[in-house]
Amino acid sequence: MKAAPFDVPRPPRNENCVIVGHAGREKEYLDRSMDELALLADTAGAKVVERVVQRRGSIHPATFLGKGKVEELKQILSDRDAEVCIFDDDLSPAQVRNLEKLLERKVIDRSELILDIFAKRARTRESRLQVELAQLEYTLPRLTGMWKHLERQAGGIGTRGPGETQLETDKRLVRERIARLKEALKSVERERETQRDRRRREYRAALVGYTNAGKSTLFNALAKADVFVENRLFATLDSTTRQMVSAMREMVLLTDTVGFIRKLPHHLVASFHSTLVEAIEADVLLHVTDASDPDRARHIRAVDDVLDKILTEPRPPRLMVFNKADRLDEDAIAALRAEFEGCIVVSAVSGEGVAELRQMLYANSALNAASKRGVTARPEAI
Ligand SMILES: Nc1nc2c(ncn2[C@@H]2O[C@H](COP(=O)(O)OP(=O)(O)OP(=O)(O)O)[C@@H](O)[C@H]2O)c(=O)[nH]1
Ligand SMILES: [Mg+2]
């Protein structure tokens, strides 16, 4: 496929950045949200040199921060020699424009940062198409702010239709590219349909959960596989499936999936929709949570929110799996079991609880096979 006519704006690599937050909406979580943003910035390759937060006041419609804070931020950017500032909340296209003008620096929001990480991590043709689609959908309403950038790129003979302004041409090119990407994605989906039918007959378990919860580590431990694991966000983008077979010949198809995060850009959820739906179209969802994270309750909610958006009825049963138990003491584990009745507590690293989880999956697979045999034995089902 030909390259896009535009470079989607990217956060600069290895450049100093200042991260910016506003306590406007979620005061009590601001610091941890900023920690997460710092990790995202680091994953994207930027160097966080300072944090700026506005703890009081409401969100300014034109500039997000109040006037005083904008001035303070400008001073910090210049003192710390920072090229870019990254906002923890999503900004409107107008806010980005206004801030860039006032600060004379590049302004990026959380969604754009996440999109950039996805773009960097995408390996397969399908995930590349999906990320590019999400980036262009995100970029389209912001094209006015990219005027200079586009002027440079799209001035060739014949690119402009009669009476079109430069901006209209740019928008048209982006829309055309979006349409082509959607078509390409449809054909990839069709290619996979046969494989999907075959898999429908097996017992399928899917690992879902917040990014960095340890899904891939647990996947490797359960399926004795060798999937990429990293202490960074969004190590996994493409789902991977492995067959697990027990000594008794029970079989489980285990799938590892992309991690979720708070405020996941909705364009990303939309363009990853079909892969996600396929990955989690399982007989059981293993919702993996980092039990040692102080924010685990919010992580669980964020994952549930995304699942709510993409799951259709009937939903597969969901099993809560708390990972990184090696970081908890006995009391904390007991409290966890009391809070989440029927949950599984494991450590993918130490191996604690992994054999039990595997056995449980095999037992469910055997039950599933028996009930499927029961169904197909009925005369009307033949
Ligand atoms: N202490 C401890 N660390 C763990 C455990 N499981 C995973 N980790 C670590 O957590 C980090 C993230 O692990 P991954 O398996 O990549 O997490 P993931 O959920 O697949 O992350 P994404 O693919 O980014 O969504 C790695 O540094 C792992 O070594 C565990 O049981 N205990
Ligand atoms: Mg992973």
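Values in this text are rule-based calculations from the coordinates and carry no lab data. Everything numeric in this text was worked out from a predicted model, so none of it was measured. When we count neighbours, we look across all protein chains shown, and the Cβ atoms used for this are built from the backbone with ideal geometry, even at glycine.
Quick one: what are the phi-derived ³J(HN,Hα) couplings along the range 174-188, Karplus 6.51/-1.76/1.60 with θ = phi - 60°, whole Hz, x for glycine and proline?
Karplus values, whole Hz, x for Gly and Pro: 5, 4, 4, 5, 4, 4, 5, 5, 4, 5, 4, 5, 4, 5, 4.
Give me, ordered by chain and number, the residues 5 or more places off Val349 or on other chains with an amide H under 5 Å from its own placed amide H.
Under 5 Å from the amide H of Val349 lie the amide H atoms of Lys324, each far enough along the sequence or on another chain.
Sequence gap at least 6, Cα distance under 8 Å: using those rules, report the relative contact order of the range 16-117 to the nearest whole percent.
Normalised by residue count, the contact order of the range 16-117 is 35 percent.
Spelling out what I want: for every residue of the range 97-114, take phi, set θ = phi - 60°, compute 6.51 cos²θ - 1.76 cosθ + 1.60 (Karplus), and round to whole Hz; glycine and proline get x.
4, 4, 5, 4, 5, 5, 8, 6, 9, 6, 10, 10, 10, 4, 4, 5, 5, 5
What distance in nm separates the two pseudo spin-label positions at Asp35 and Val49, each 7 Å out from Cα along the beta-carbon direction?
2.5
Given a Förster distance of 35 Å, report the FRET efficiency between Arg298 and Thr165 from their Cβ-Cβ distance, rounded to the nearest 0.05.
Efficiency at R0 = 35 Å is approximately 0.20.
How about the range 82-144: which trypsin sites (Lys or Arg not before Pro) there are in a DSSP loop, with at most 14 other Cβ atoms within 10 Å of their Cβ?
When the trypsin sites (Lys or Arg not before Pro) of the range 82-144 are filtered for loop state and at most 14 Cβ neighbours within 10 Å, Arg123 remain.
Ordered by residue, what ³J(HN,Hα) values in Hz, to whole numbers, does the range 167-172 give under the Karplus form 6.51 cos²θ - 1.76 cosθ + 1.60, where θ = phi - 60° and Gly and Pro are x?
For the range 167-172, the Karplus curve yields 5, 4, 4, 4, 4, 4 Hz.
Each label point is 7 Å from the Cα along the Cα-to-Cβ direction; what then is the distance between the points at Asp331 and Glu191, in nm?
5.6
Which shape class, rounded, prolate or oblate, goes with the range 249-381 when its Cα gyration tensor gives a ≥ b ≥ c as root eigenvalues, a/c under 1.5 marks rounded, and past that a/b bigger than b/c marks prolate?
Cα axes put the range 249-381 in the oblate bin.
Report, for the range 200-381, the % of DSSP beta bridges that are antiparallel, rounded to 5.
Bridges in the range 200-381 are about 25 percent antiparallel.
Suppose every K and R has +1 on its Cβ and every D and E has -1 on its Cβ; what is the size of the dipole of the range 200-381 about the Cα centre, in Debye to the nearest 20?
520
If I take R0 = 35 Å and measure r between the Cβ atoms of Glu341 and Glu72 in this structure, what FRET efficiency does the formula 1/(1 + (r/R0)^6) give, to the nearest 0.05?
0.10
Show the residues, 5+ positions off or on another chain, whose built amide H is closer than 5 Å to the amide H of Val84.
For Val84, the qualifying residues are Val18.
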